[in-house]
Structures are given as structure tokens and as C-alpha cells.
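Asks: Just passing along the structure, written as C-alpha cells.
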């Protein structure tokens with residue numbers, strides 16, 4: 001009996017050892033992967049590469065944009081600097097041209113005065129009303145000046161004032177009645193217009209001729225209430241047409257409170273059809289009284305009757 005029991009126990013132990021050493025459990029068969037699942041790792045790699053490329057491109061684009069902005073700012077600054085330099089050069093050129101023109105006018109006047117002195121040395125030479133006054137002509141009125149051989153100018157009819165401030169004044173402009181329009185073109189102001197016994201402008205060519213010798217200017221004005229004012233300038237000259245009849249004035253004296261004419265010193269003559277002034281709005285056209293250049297386009301003009309006279 002004990003032997004049988006031991007035998008049974010031995011078989012049980014063998015069974016347990018066999019079971020532990022080689023366990024066998026029922027298992028499910030492995031699940032097969034789909035084609036999409038098999039390609040996921042490859043797609044992830046491509047996505048990562050694309051993201052990296054996009055990041056690189058974005059960075060490059062940002063750098064290019066910043067560089068373009070810096071270049072644009074640099075170009076704008078260079079353009080502004082060029083414009084500033086251009087304006088400075090233009091201002092210097094304008095100043096140089098003005099100085100050159102003034103020197104040229106001075107030389108022209110001195111040459112003409114010297115030539116006139118040489119060609120007309122006779123004591124009997126008559127240049128203007130002051131020459132007549134020196135020859136004892138004392139009655140104010142119309143006189144005829146002989147031709148100017150040097151300039152080739154013909155005989156000139158002028159009105160002489162032999163009474164005002166010592167006499168011998170040649171009237172170059174009179175505006176009293178208001179019947180004559182002074183809104184004229186360049187050619188008319190060059191040749192003169194109006195009646196020598198009424199309202200008139202003597203003519204720029206004639207004024208240039210008369211002012212080649214040392215000359216003074218007197219402007220007389222009278223308002224509608226009869227109040228009279230005058231302005232005198234120690235020197236007066238009008239350039240030739242090549243210099244746009246540029247005005248030259250000396251020192252001022254007189255009873256006019258505001259010396260408005262000196263502002264136009266060394267300025268060119270302007271008319272409605274030839275703008276030589278510095279007025280942005282073409283003042284000669286707006287004010288319809290162009291008797292010269294400058295900002296207002298007016299040389300001798302008053303609200304009431306006025307006369308402009310020149311005297312050596």
C-alpha cells in the first residue's frame with residue numbers, strides 16, 4: 001500500500017513539473033495590419049520634413065522682407081538727400097546767375113555811358129530835359145530830343161517839367177485821368193503808349209536810353225483828397241531788353257511813409273505776357289498794372305494820379 005501511494009505521488013510530481021515546464025495556453029491569432037497602418041511611419045517622416053522646409057522658407061522670407069525694408073528706407077533717404085542737394089545747388093545757381101546778371105548790367109551801363117561820353121562831348125549835346133534846362137529852357141511842356149546816334153534811336157518827343165524841385169525833369173510816366181489802360185503787353189511797354197500830354201508810358205527803350213547817364217528818379221503821387229507825396233532815388237537806371245529792363249535804384253528820400261519801390265531794386269520788368277517776377281500767382285496779370293517786375297509786378301502806380309520823373 002505504501003508503495004502504491006509513493007508511485008501515485010511520483011506521477012503527480014512528474015505531471016506538475018511537465019505542466020510548469022511547458023505550459024500551453026490557447027492564443028488568438030495575430031491581427032493583420034492594414035496598408036494604411038503600414039504607411040503611417042513614412043507619412044510622418046514626410047510631414048516632419050515638410051514642416052522643416054516650411055519653417056526654413058518662412059525664416060528666409062522674413063529675412064528677405066526685412067532686408068527689402070532696410071533697402072527701401074536707404075533708397076528713400078538717398079533720394080531725400082539728393083533732393084536737398086539739388087535744392088541747395090539750384091539756390092546757389094540762382095544766386096550766381098543774379099549776381100552775374102547784375103554785374104553784366106553794370107558793365108553794360110558803364111560801357112554805354114563811356115561811349116556816350118566819347119561820342120557826345122560837345123557842349124551843345126542835348127540828352128534829356130536837364131540838358132535843355134541847363135540851356136536856359138524854363139517852360140514846362142513838350143520838347144523833342146535829337147536822335148541818339150550810338151543806339152540808333154530816332155528823335156524822341158518828351159514832356160519836360162522845368163518847375164518841380166529845381167526843374168529839368170523828364171516825365172517817363174503820367175497817370176491822372178485814368179482813360180489810358182496800363183494793362184499792356186511787353187511790346188507796348190517797350191515802345192511806349194498813351195499821349196505825351198495826357199496819361200502815358202514813355203517806353204522802356206526810351207527810358208533805357210535816358211538812364212544811361214547818371215540819373216535820379218522822382219515819383220510824385222497825389223491821392224483823391226489832394227494829399228501829395230513824393231519819393232526820390234539818388235540813382236536810377238533801366239537795363240536793356242536783353243536784361244529784361246532790370247531796374248536799379250539808389251538811396252531813397254522823400255515824404256512817402258513806406259518806400260515800396262526799393263523792394264523791386266534789381267528786379268526784371270514783367271507784363272501780362274512775359275512773367276519775369278517772383279510772384280507765384282503772376283501778379284502782373286492779377287493786378288493789371290504791370291510797370292515792372294518784383295513780387296507785385298508794379299513799378300510806379302498809385303491809387304490816385306501819379307507821375308514818375310527822371311533827372312540827371
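Asks: Could you put 169, 201, 186, 224 in order, starting from the residue whose Cβ has the fewest other Cβ atoms within 10 Å?
Replies: 224, 186, 201, 169
Asks: Here's another thing I want to ask about it. Run the numbers for residue 125 and residue 138: contour at 0.36 nm per residue of separation, minus the present Cα-Cα distance, in nm.
Replies: 2.9 nm
Asks: Mind checking the full-extension length gain between residue 92 and residue 80? Use 0.36 nm per residue of separation minus the Cα-Cα distance, one decimal, nm.
Replies: Contour length minus the Cα-Cα distance gives 2.5 nm.
Asks: Okay, moving on. Order the peptides 77-90, 226-239, 208-221 from the highest to the lowest mean number of other Cβ atoms within 10 Å of their residues.
Replies: Ranking, from highest mean packing down: 208-221, 226-239, 77-90.
Asks: Another question about this same structure. Hey, rough spin-label estimate for residue 252 and residue 69, points 7 angstrom out along Cα→Cβ, what's it come to in nanometres?
Replies: If labels sit at residue 252 and residue 69, their model points lie 5.7 nm apart.
FYI, it's all coordinate maths here, none of it is from the lab. Values in this document were obtained by computation on a predicted structure and should not be read as measured data. Ideal geometry is used to build each Cβ from the backbone, glycine not excepted, and the neighbour counts take in all protein chains shown.
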